[in-house]
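Visitor: I'd like to ask some things about the structure below.
What follows draws every value from the coordinates through simple rules; no lab data is involved. For clarity, every value in this text was computed on a predicted model and none was experimentally measured. Virtual Cβ from ideal backbone geometry, glycine too; neighbours counted across all protein chains shown.
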Amino acid sequence: MPSPNTPPRRVILEDDIDGFTPAQLLLLQSPEVEVLGISVVSGNLWRDECLAHTCRLLELAGRPDIPVLPGPVFPLLNSEAATERWEALHGKLVWKGAWTRQWVDNDTVQSSPRYHAHDVVPDLALGNPSVVRASDEHAALFMIRMVRQYPGEVSIIATGPLTNLALAQSLDPQFARLAKELVYMGGSLNPRRRLDSVSAHQFAREFVHTPRREFNIRWDPEAARIVMRAPWQKIVMVPVDPSTATELTPALVARIGAADTPLGHALRRREPGFPMWDELATAIWLRPELATLTDTLYLDTNIEFGAGYGDILSWAPGYQPGLGEQAQTVVLDVDVAALEQLLIDRLTAAHPPSVGLPLPPLKGE
C-alpha cells in the first residue's frame, strides 16, 4: 500500500478495449494509481463498440468516476480498401482487427470475427452499459489538457493503435515533452514460440515469416511513425517478443477470477488461450522489475506502401539514420511467474460496488 503522503502515479490508458480484459483492471485495482481517463481508439473493434466495452468495464469495477474519451474512428491514412489491395499484392494478413471478415486458418483458438459497420454496436456479452457514458471531449484534447495540467507527471500506456497520440502530438508539439513517459504494447522484432500449448503454436506461427509485423502498428503505421519520432522524455516498447512466454490459460483465468465479486464473476467468463499482450504493458509500468531483459534501440515504422508496410525498423545506437527516431527501452523478456501473481493479487482484491445492470446469467444457468 502507498504511504498517505506518496503522490499518486497518474496515468492515461489508450486502448482498443475488446471485452473484459485484466490489463485495464490491473490499473483500476492498484491503489497507488490515479487513472485520469481511458481514451478509446478503433483497432481490434470499432471505436464505438470499444467505448461500450470500456463503459461497462468501469460499471462492473465500480469506477464510474473515470472519464471515457472517444478518439478517432479511422486510422490517419490506412483503410479497409487499402488493406485489401495490399493483401492482393503481398499476401494475407492474419489479423485485421475491425476489418477481419474471416480467418485464413480454420484452427485458431479465437472466436469467429465479428465484422460489422463502424457505427454498429452489438449487444455486449456482459451486459450493455446503463450508467457510464463516454465524454463529449475528444481523447486527443483530453490528453493534451492533462499533460498541461500535470506537467511531467502523466504516464501514458498505449495498448492499442497509436492514432490518438499522433493526433495529440500533431495538435500540440509540446504534448510528448510534457508527458512523463510513454509505455506502449506494439511492434515486433523477432518473436519465437516458447510454450508447448496449441494456442501458443497458433499465435507464434504468425511471426515465422513476418517477424517485424504486429497489429497495433500495422493498423495505423503513419500514426506510429509520428509517435515514435515525438520528443518523449522516456519511451518503453513492449513488443510481441516477450508475450510468447505468457498465456491466459484456463487455470490462470480461474485464479484471477476466484473472488466472489462482480469482477471475479466477469473475469471467469474471459476467453482463455491468448498471450498476455496488454497485461505485459500495464504490469511493466506498475512493476518495471518484471522486465528481466531489455535493450536500448532506435525504432521507426515503415510507411512505404510495399511488402513491409507497417513493419518495425530498428537500429542499435549510432546506426540510426537520424531522421527523428528516438531511443527506446525495449522489453525482451519478463518474469512470467511474478506477472501472474501480480494479476492474481490485484484482480482478486475487493473493489468498489458495481453500478449499472447486474451481470446477465451464463447460458445454461
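Visitor: Output the peptides 7-17, 77-87 sorted from most to least packed, where packing is the average of other Cβ atoms within 10 Å over each peptide's residues.
Guide: Going from most to least packed, we get 7-17, 77-87.
Visitor: Counting other beta carbons within 10 Å of each residue's own, what order do T246, T6, T54 fall into, fewest first?
Guide: Exposure proxy ranking, most exposed first: T6, T246, T54.
Visitor: Which net charge results when you count Lys and Arg as +1 and Asp and Glu as -1 among the other residues whose beta-carbon is under 10 Å from that of S130?
Guide: Net charge in that neighbourhood comes out at +1.
Visitor: So how strong a dipole does the range 9-347 carry about its Cα centre when Lys and Arg Cβ are +1 and Asp and Glu Cβ are -1, to the nearest 20 debye?
Guide: So the dipole magnitude of the range 9-347 works out to roughly 120 debye.
Visitor: Take V131 and R193, extend 7 Å from each Cα along the Cα→Cβ direction, and tell me the distance between the two endpoints in nm.
Guide: Label-label distance for V131 and R193, simple model: 4.6 nm.
Visitor: Using a Cα-Cα cut-off of under 14 Å, which aspartates and glutamates could be cross-linked to K234, ignoring same-chain neighbours fewer than 8 residues away?
Guide: Cross-link targets: E153, E181, D295, E325.
Visitor: How would you rank L343, L362, L357, going from fewest to most other Cβ atoms within 10 Å of each one's own Cβ?
Guide: L362, L357, L343
Visitor: Okay, next question. Any idea what Rg and Dmax come out to for the range 37-101 if you just take the C-alpha atoms, in Å?
Guide: Cα only, the range 37-101: 15.1, 48 Å (Rg, Dmax).
Visitor: Work out how much length D295 to K234 would gain on full extension: take 0.36 nm times their residue separation and subtract the Cα-Cα distance, in nm to one decimal.
Guide: Contour length minus the Cα-Cα distance gives 20.6 nm.
Visitor: Here's something else I'd like to know. Over the chain, with a Gaussian network built from C-alpha contacts below 10 Å, which listed residue (A223, A88, A349) shows the highest mean-square fluctuation?
Guide: Of A223, A88, A349, the Gaussian network model singles out A88 as fluctuating most.
Visitor: Could you work out [θ]222 nm for the chain from helices alone, using -39500 (n - 2.57) per DSSP H run of at least four and dividing by all its residues? Round to the nearest 500 deg cm²/dmol.
Guide: -8500 deg cm²/dmol
Visitor: Where does each of 160-167, 35-42, 183-190 land if you order them by average Cβ count within 10 Å, highest first?
Guide: 160-167, 35-42, 183-190
Visitor: May I pose another question? Tell me which of G62, F207, P275 sits at the most positive position along the dipole axis of the chain, charges placed on C-beta atoms (Lys, Arg +1; Asp, Glu -1).
Guide: Ranked along the dipole, the leading option is G62.
Visitor: Which one, G43, G322, G62, has the greatest fluctuation when you compute a Gaussian network model over the chain with C-alpha springs under 10 angstrom?
Guide: G322
Visitor: Further question: For the range 219-335, what relative contact order do you get, as a whole percent, if you take Cα pairs closer than 8 Å and at least 6 residues apart?
Guide: Relative contact order of the range 219-335: 37 percent.
Visitor: So, one more: First check a/c for the range 160-278, with a ≥ b ≥ c the square roots of the eigenvalues of its C-alpha gyration tensor; if it is under 1.5, answer rounded, and if not, answer prolate when a/b is larger than b/c or oblate otherwise.
Guide: oblate
Visitor: Given the options Y150, S188, P288, identify the residue whose Cα lies farthest towards the positive end of the charge dipole of the chain (+1 on Cβ of Lys, Arg; -1 on Cβ of Asp, Glu).
Guide: Y150
Visitor: Using alpha-carbon positions, what is the distance between the centroids of the range 300-345 and the range 158-217, in Å?
Guide: Using only Cα atoms to place each centre, the spacing works out to 7 Å.
Visitor: By DSSP, what percent of the beta bridges with both residues in the chain are antiparallel, rounded to the nearest 5?
Guide: Beta bridges within the chain, antiparallel portion: roughly 30 percent.
Visitor: Which one is right for this structure if Cα Rg over 2.2 N^0.38 Å is calculated from it: [x] 1.26; [y] 0.93; [z] 1.14?
Guide: Read-out from the structure maps to [y].
Visitor: Distance from the Cα centre of the range 268-299 to that of the range 23-96, in angstrom?
Guide: So the separation of the two Cα centres works out to 17 Å.
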